[in-house]
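As structure tokens, the structure follows; a few thoughts come after it.
The values are calculated or read from the model by the stated rules, or taken from the named source; none is laboratory data. On a predicted model such as this, the values are computed, not experimentally measured, just so you know. Neighbour counts are summed over all protein chains in view; Cβ atoms, including those assigned to glycine, are modelled from backbone coordinates with ideal geometry. Side chains are part of the model used for accessible areas, which takes the heavy atoms of the whole protein and leaves out ligands, DNA and RNA. Shrake-Rupley method; radii C 1.70, N 1.55, O 1.52, S 1.80 Å.
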Amino acid sequence: MQAQPLFQKIEDDARQAAAQILANAREKAQAVSNAADQDIAALRQHNAQRIEQDAEELRLRMQRMDELEGRKALLAHKRTVLDEAFASALQQLQALPPADMRAFFLDKLVATAQGGEAVLSGAQGGMDKGMVDEANQLLAKQGKPAGLVLSPDTVPGMGFALLRDGIQVVCTFDRLVSDARMGLETEIAAILFE
């Protein structure tokens, strides 16, 4: 037997096996490359979707922030308008003719007094001895205890305060407007800004 054909056969088989291994390796490499390309494409698509979603969320967040800033500015404007309205009301009260102001505070004094209180006049006016005496007469006519006494002490503003047992009931224009504001602010805002 000749060794040459046997060597040739082994060499051919080896070449064929090597070619098959190389073909299989190329096939696997191509499959891995195709899978990697698909993974990269899927990752790019996912990233593009995420970027688009993040951009939309950012746009919506910015829109909400703009709306909030707009509401804050509108609220500040409304607050300014309300401040001006109540400041104007206070100025109008302070500009009442003396006779009207006297009648107003006398009515408030008689309605508020329980009898026996010290009456503190407002530093800017509002109460005098004649008004206290008149209030005592009106209280007596209504069957209420009188005994109101004008104190030398004063309270800030225009009006008066009643003092009894360490408790002070303030009835000045500033306090009346402040109390009215707390009670009417929502209602006035609804009327002004509808």
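Quick look at the numbers
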| quantity | calculated |
| --- | --- |
| Carbon + sulfur, % of accessible area of the range 55-99 - ligands and nucleic acids excluded, 1.4 Å | 63 |
| Gain in span if fully extended, ALA36 to ALA95, counting 0.36 nm per residue against the direct Cα distance | 12.6 nm |
| Cα→Cβ-extended label distance, 7 Å offset, between LYS141 and ALA18, nm | 13.3 |
| Accessible solvent surface per residue of the range 72-150, calculated while the other protein chains remain in place, 1.4 angstrom probe, Å² | 57 |
| Per-q log10 I(q)/I(0), the chain, q = 0.08, 0.20 Å⁻¹ (Debye; single scatterer per alpha-carbon; no solvent) | -0.57, -1.27 |
| Amide H contacts of VAL155 (H built 1.01 Å from N, under 5 Å, at least 5 apart or other chain) | SER121, GLY122, ALA123 |
| With Cα atoms, 0 to 90° folded angle of helix 98-112 axis to the chain main axis | 80 |
| Gap separating the Cα centres of the range 1-57 and the range 63-134, nearest whole Å | 89 |
| CD proxy at 222 nm, helix term only [per DSSP H run n ≥ 4: -39500 (n - 2.57); per residue of the chain; nearest 500] | -26500 deg cm²/dmol |
| Sites LEU43 and MET65, calculated FRET efficiency, Cβ-Cβ separation with R0 41 Å, nearest 0.05 | 0.80 |
| The chain: angle of helix 3-94 to the longest principal axis, Cα-based, in degrees nearest 10 | 10 |
